[in-house]
Amino acid sequence: MSLITRRGLLLTGAGGLLAGCDAVGSSEAGRDWLFKAEAVHRSLQRAIMDRNALAREFSAADMSPRFRSNGTRNPDTPEYRALAMNRFADWRLVVDGLVARPLRLSLADLRAMPQRAQITRHDCVEGWSAIGKWQGPRLSTVLDAAGMRDSARYLVFHCADSLRGGAYYESIDLIDALHPQTILAWAMNDRILPVANGAPVRLRAERHLGYKQAKYIMRIEAAASLGAIGRGKGGYWEDVAGYEWYAGI
Ligand SMILES: Nc1nc2c(c(=O)[nH]1)N[C@H]1C(S)=C(S)[C@@H](COP(=O)(O)O)O[C@H]1N2
Ligand SMILES: [Mo]
């Protein structure tokens, strides 16, 4: 119930405001109303929501025949092209910031860790969903290896691509970072993750909307706050378009 209502709000709210042609969103009063309704929903949802609850998992029969790509389809920088040419053998995932042991992990390192696979539904605020299968180590396994410091509150995902507003990045808090379904996916639908969907590794934080699922991850930074990163709102779309940082579903 809250899920459907919330999603409805996100679509008519954020989408309408962005497009600038939504009847409610285009008037000053309507805008106030939308933001107030949003805030009420957010606090209600937080009050009744178990942050550790699992997102629904589906069976292989439910998988979408095709999982589309959205946003960047190829970072297409000289650095990324060189990495892709070599099938990401030279890529290293940097894990740094507020950690005891900064890491540089290869794809082989990530594949050697205990793996989790999950078939889940991805929901994009632009109005489409797809069910896909994801596999990779849990983010918590990687964070355990790095040893997070007590001062760490957020994990920031720095991506290889840039859109018009600058470099893509995203962030989540520790509850989501340690959630069992939060994984660093290097495989999708039983194949190596394609470039269009975020190769070599993307985040799957299954209790969140699509824009939180950072693709093309180059670096994971443990941070005490988000204010000094990007334009301070915790993510690319949060910074440039006012998307909510907490995009729980
Ligand atoms: N680095 C990066 N991550 C990203 C994006 C992007 O443009 N760049 N788009 C986001 C959005 S809005 C969605 S819906 C999903 C799309 O994932 P897909 O390309 O696998 O469909 O990735 C998210 N993560
Ligand atoms: Mo999206």
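Using Cα centres only, tell me the gap between segment 132-187 and segment 203-243 in whole Å.
Between the Cα centre of segment 132-187 and that of segment 203-243, the gap is 9 Å.
Going by accessible area, probe 1.4 Å, with all protein chains left in place, what is the ranking of E57, E126, largest first?
The residues order as E126, E57, largest area first.
Once you have the Cα-Cα distance between A100 and D144, take 0.36 nm times their residue separation minus that, and quote the gain in nm to one decimal.
Contour length minus Cα-Cα distance gives 14.8 nm.
State whether segment 182-248 is rounded, prolate or oblate according to the following rule on the C-alpha gyration tensor (a ≥ b ≥ c being the square roots of its eigenvalues): a/c under 1.5 gives rounded; otherwise a/b larger than b/c gives prolate, and the remaining case gives oblate.
Prolate, because a/c is 1.5 or more and a/b exceeds b/c.
With θ set to phi - 60° and the Karplus curve 6.51 cos²θ - 1.76 cosθ + 1.60, what are the ³J(HN,Hα) couplings of segment 212-223 in order, to the nearest whole Hz, using x for Gly and Pro?
Each residue of segment 212-223 in turn: 6, 7, 4, 9, 6, 6, 10, 8, 10, 10, 8, 9 Hz.
Just to verify a number: what accessible area does E79 come out at with the full protein assembly present, 1.4 Å probe, Å² rounded to tens?
E79 has an accessible surface of roughly 120 Å² with all protein chains in place.
For D90 and A39, what is the calculated FRET efficiency with R₀ set at 45 Å and r taken between the beta-carbons, to the nearest 0.05?
E(calc), rounded to 0.05, equals 0.45.
Heads up, I need the accessible area for D76: 1.4 angstrom probe, whole protein in place, Å², nearest 10.
Number for this one is 90 Å².
Could you put K233, K212 in order of accessible surface area, largest first, with the 1.4 Å probe and the full protein assembly present?
Accessible-area ranking of K233, K212, largest first: K233, K212.
Would segment 119-167 count as rounded, prolate or oblate if I go by the C-alpha gyration tensor, calling it rounded below 1.5 in a/c and otherwise prolate when a/b exceeds b/c, oblate otherwise? Could you put the intermediate results ahead of the total?
Values: a/c = 2.49, a/b = 1.36, b/c = 1.83.
Taking the square roots of the gyration eigenvalues as a ≥ b ≥ c, segment 119-167 is oblate.
Long-range amide H contacts for D161: which residues qualify at under 5 Å (H placed 1.01 Å from N, peptide plane, sequence gap of 5 or more or a different chain)?
Residues meeting the amide H criterion: Y168.
Largest first, how would D176, D109 line up by accessible area (1.4 Å probe)?
Largest accessible area first, the list is D109, D176.
As an exercise, identify the chymotrypsin sites (Phe, Trp or Tyr not before Pro) in segment 147-249 lying in DSSP coil whose Cβ has no more than 16 other Cβ atoms within 10 Å.
Y246
The values are calculated or read from the model by the stated rules, or taken from the named source; none is laboratory data. All values reported here derive from a predicted model rather than from experimental measurement. Every residue, glycine among them, receives a Cβ derived from its backbone with ideal geometry; neighbour counts consider all protein chains shown. Heads up: the accessible areas ignore ligands, DNA and RNA and are worked out on the full protein's heavy atoms, side chains in. Shrake-Rupley method; radii C 1.70, N 1.55, O 1.52, S 1.80 Å.
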